[in-house]
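To start, the structure itself, in structure tokens.
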Amino acid sequence: MKYTFAYGAAAGIAMGIIDGVIYNYLYDTKIAAYGILINLIVMVAIMLLAIKHISKAKHDSQINYFQATLAGIMVATHAGVFLGLFTYIYFSFGNQEFIQHTLEMGAEVLAEQDLTEEEAEEKLSELKRSFTPLRQALSSFQGTFIIGTFLALIIGFFTKKKNAASST
């Protein structure tokens, strides 16, 4: 678990830094859309490193699918916790204007749609409820965990050794 914690922390911190740069400097550019792709690449690279390290340290370079996948899921879980914590701190104390800016953009989009005033207010109210620091942090954790689990299932298949014992 100490290996998955360390690698998960590294992934979560790296993705948090990437997100921070995007939120601060690149939000209004087309480059911001690549933030998700960059975070996926970071997650895959760190998962591969973690599985390789765990395989050598604990399993004499022989790791089965279950062990590799479990290690990847643990890395994703820890990364999600660190990224969620970063997101909460960032939106609560670091860049409080980002959420307000996003809500203003949402209000502009709603104003352009053919909605009654009551419908627009309702949708804006829903948007405000979903853009709190806590909700953003939970979304970061959830997204990182779900995507990380999916990646772990794929990476586990490619990193397992054919002659590894099937027991854990």
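None of the figures in this text is laboratory data; all of them are computed from the coordinates on show. Small disclaimer: the values here were computed from a predicted structure and weren't measured. Heads up, the Cβs are rebuilt from the backbone with ideal geometry, glycines too, and the neighbour counts pull from every protein chain shown.
Of everything in the range 76-98, what is of a type in the set (V, I, T) and buried (at least 18 other Cβ atoms within 10 Å of the Cβ)? Give them in sequence order.
T77, V81, T87
Scanning the range 110-142 for residues being among the polar types (S, T, N, Q) and assigned to a helix (DSSP H, G or I) gives a total of 6. Residues of the range 81-124 that are under 29 Å from G12 (Cα atoms) and of a type in the set (S, T, Y): T87, Y88, Y90, S92, T102. Of the residues making up the range 103-130, not one is within 30 Å of M47 (Cβ to Cβ) and surrounded by 13 or more Cβ atoms within 10 Å (Cβ to Cβ). Filtering the range 132-146 to residues that are hydrophobic (A, V, I, L, M, F, W, C) and surrounded by fewer than 17 Cβ atoms within 10 Å (Cβ to Cβ) leaves L134, L138, I146. Between a residue in the range 81-103 that is touching a residue at least 40 places away in the same chain (Cβ under 8 Å) and closer than 15 Å to K128 by Cβ and any residue that is among the small types (G, A, S) and assigned to a helix (DSSP H, G or I), which pairs come within a Cβ distance under 9 Å, given they are 6 or more apart or on different chains? Matching pairs, first to second residue: F91/A137.
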